Amino acid sequence: MLEAYLFPISYAFLTFPIAALLCAVPFLIVQYRKYGYFNKFRGFLLYLFLLYMMNAVYLVLLPLPASRHNAPMNVVSVMQWIPLNFIQDILKETKVVWREPSTYMLLFKERAFLQVVFNVFLVVPFGMFLRYYVRSNWITCLVASVGLSLFFEVTQVTGIYGFYDYPYRLFDVDDLLLNTMGGMVGFMLAGWMKNHLPRLDRLDEEVSQKRVSYTRRTIAFCMDGAIVLPLIGVLTVLNLKGAYFIVVIAYYIVLPYMMQGQTLGTWIVRVQIRGAGEHLKLKEVMIRNGLLYVVWGGFHVLLITVNTAGSHILLVMYVIGVVLLDGAVFLHVLLCLIHRDRKLLHEAKSGTRLAIVDNHSINKAG
């Protein structure tokens, strides 16, 4: 019996790293937008919940039929509508002698009883998460637990919504009741556990004073790149001279100056450029983003121009220069990662910094 549970659990743990990687960027963006920063404890809870949900889904669905064109089950009906029918199943299969307490341990070896225990415990973590993390009330937990259990049952009885020709599991109203009970047990357990765990409402104090991580900078950089690069590509195809420099100056210098130090990428992760004074100056933006995107990025773009010019000696010299420049930039960034107080060159020269935008600032700007 237990081997049937270990098989899907092992698959859940094997595929969890892939799911965690795929969810990493969206997860970080949501955390930055909602809370203004990434909290490790909150991240641990969410990834733990992801692992739990993967285990729950795999336990419900696996093992799958060998083929999409599976044979129908040898049952009268795929729907079991009699509530508490599991009691009859336990009494029918059990070897327990109820007048002899020494035989009660036999229950833990019987399929019908273990199936009941499994269905209860399956949704216990779900109820705990709703109360502790989401801070839901008991009505919300009850409805959500019913909904999750109903999703499991419908997915099974429809053959994963028509993917298989026939259902390969029964729809059992007892599973619905036991799963819901498990969710409520989890809700009650979380009421006790929350007194022994950090309070989530105190995790976000002094958010605006936290430093902007390099992970956050990288996400903003990639988001901006996903917008800028297609624009440059379209304008280049249209034979617009200097397309790269036109787009870069408009997006990375003019836009941040007009939008309180933000591009779309930095807005998504809730950070902004701040200068020495109360208001960001155009000169500060020009030096900061000019060094980063116009000068450093421009050297790489001009490499294409040198290549099309056909001068092999000039091309080799230029490539060596760009490689040396990139090496120097890499070492500089590495030193800044090691020494947290060290400023990046474009920030030091412009007198600017990246700062977290708090909720008050967002509401005021909106």
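State all residues of the stretch 47-94 that are within 20 Å of Asn119 (Cβ to Cβ), modelled with pLDDT of 90 or more and among the hydroxyl-bearing types (Ser, Thr, Tyr); if no residue qualifies, say none. If the condition is that a residue be within 20 Å of Asn119 (Cβ to Cβ), modelled with pLDDT of 90 or more and among the hydroxyl-bearing types (Ser, Thr, Tyr), then Tyr52, Tyr58 are the ones that fit. Looking only at residues in the stretch 112-144 that are touching a Leu at 6+ places or on another chain (Cβ under 8 Å) and small (Gly, Ala, Ser), which one is surrounded by the most Cβ atoms within 10 Å (Cβ to Cβ)? By that ranking, first place goes to Gly127.
State whether the residues of the stretch 231-246 include one that is closer than 26 Å to Tyr37 by Cβ, surrounded by fewer than 16 Cβ atoms within 10 Å (Cβ to Cβ) and out of contact with any strand residue (DSSP E or B) (no Cβ under 9 Å at 6 or more places or on another chain).
Applying the first criterion (closer than 26 Å to Tyr37 by Cβ) to the stretch 231-246 yields none.
No, the stretch 231-246 contains no residue that is closer than 26 Å to Tyr37 by Cβ, surrounded by fewer than 16 Cβ atoms within 10 Å (Cβ to Cβ) and out of contact with any strand residue (DSSP E or B) (no Cβ under 9 Å at 6 or more places or on another chain).
Checking the condition exposed (fewer than 12 other Cβ atoms within 10 Å of the Cβ) and at pLDDT 90 or above, which residue from Leu335, Leu345, Leu292 passes? Can you show your working first?
Numbers: Leu345 fails: exposed (fewer than 12 other Cβ atoms within 10 Å of the Cβ); Leu292 fails: exposed (fewer than 12 other Cβ atoms within 10 Å of the Cβ).
The unique qualifying residue is Leu335.
Restricted to the stretch 92-111, and to residues there that are farther than 25 Å from Ala4 by Cα and not polar (S, T, N, Q), the residue that is surrounded by the most Cβ atoms within 10 Å (Cβ to Cβ) is Val97.
Can we say Val234 is farther than 20 Å from Val295 by Cα, free of Cβ contacts under 8 Å to residues at least 60 places away in the same chain, assigned to a helix (DSSP H, G or I) and not charged (D, E, K, R)? Spell out the reasoning first.
Details: farther than 20 Å from Val295 by Cα: yes; free of Cβ contacts under 8 Å to residues at least 60 places away in the same chain: yes; assigned to a helix (DSSP H, G or I): yes; not charged (D, E, K, R): yes.
Yes; evaluated as a whole, the condition is true for this residue.
On the stretch given as the stretch 1-32, residues that are touching a residue at least 40 places away in the same chain (Cβ under 8 Å) and touching a helix residue (DSSP H, G or I) at 6+ places or on another chain (Cβ under 7 Å) total 10.
Residues that are of a type outside the set (Gly, Ala, Ser), in a loop (DSSP other than H, G, I, E, B) and within 30 Å of Ile356 (Cα to Cα): does the stretch 38-50 have at least one?
Applying the first criterion (of a type outside the set (Gly, Ala, Ser)) to the stretch 38-50 yields 38-42, 44-50.
Next cut, in a loop (DSSP other than H, G, I, E, B) only: 38-39.
Then drop every residue that is not within 30 Å of Ile356 (Cα to Cα), which leaves 38-39.
Checking the stretch 38-50: at least one residue is of a type outside the set (Gly, Ala, Ser), in a loop (DSSP other than H, G, I, E, B) and within 30 Å of Ile356 (Cα to Cα).
Evaluating Met184 against the criteria (1) closer than 25 Å to Ser77 by Cα; (2) modelled with pLDDT of 95 or more; (3) surrounded by 15 or more Cβ atoms within 10 Å (Cβ to Cβ); (4) of a type outside the set (Asp, Glu) leaves one unmet condition, (1). Every condition in (1) among the aromatic types (Phe, Trp, Tyr); (2) under 30 Å from the mean Cα position of the chain (by Cα); (3) at pLDDT 90 or above holds for Tyr214 except the one numbered (3). Yes or no: the stretch 301-316 includes at least one residue that is surrounded by fewer than 18 Cβ atoms within 10 Å (Cβ to Cβ), touching a Phe, Trp or Tyr at 6+ places or on another chain (Cβ under 8 Å) and closer than 18 Å to Leu354 by Cβ. So far as the stretch 301-316 goes, no, none of its residues is surrounded by fewer than 18 Cβ atoms within 10 Å (Cβ to Cβ), touching a Phe, Trp or Tyr at 6+ places or on another chain (Cβ under 8 Å) and closer than 18 Å to Leu354 by Cβ. Could you go through the stretch 187-201 and let me know if any residue there is in a helix (DSSP H, G or I), hydrophobic (A, V, I, L, M, F, W, C) and over 30 Å from the mean Cα position of the chain (by Cα). No, because not a single residue in the stretch 187-201 is in a helix (DSSP H, G or I), hydrophobic (A, V, I, L, M, F, W, C) and over 30 Å from the mean Cα position of the chain (by Cα).
Here's the yes/no breakdown for (1) open to solvent by 30 Å² or more (accessible area, probe 1.4 Å); (2) in contact with a strand residue (DSSP E or B) (Cβ under 8 Å, 6 or more places away or on another chain); (3) of a type in the set (Phe, Trp, Tyr); (4) closer than 25 Å to Arg199 by Cβ:
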{"site": "Pro17", "(1), (2), (3), (4)": "yes, no, no, no"}
{"site": "Lys40", "(1), (2), (3), (4)": "yes, no, no, yes"}
{"site": "Leu48", "(1), (2), (3), (4)": "yes, no, no, yes"}
{"site": "Asn55", "(1), (2), (3), (4)": "no, no, no, no"}
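The values are calculated or read from the model by the stated rules, or taken from the named source; none is laboratory data. Quick caveat, the model's predicted, so the values are computed rather than measured. Please note: Cβ atoms are built from the backbone with ideal geometry, for glycine as well, and neighbour counts cover all protein chains shown. Ligands, DNA and RNA are excluded from the accessible area calculation, which covers all protein heavy atoms including side chains. Shrake-Rupley method; radii C 1.70, N 1.55, O 1.52, S 1.80 Å.
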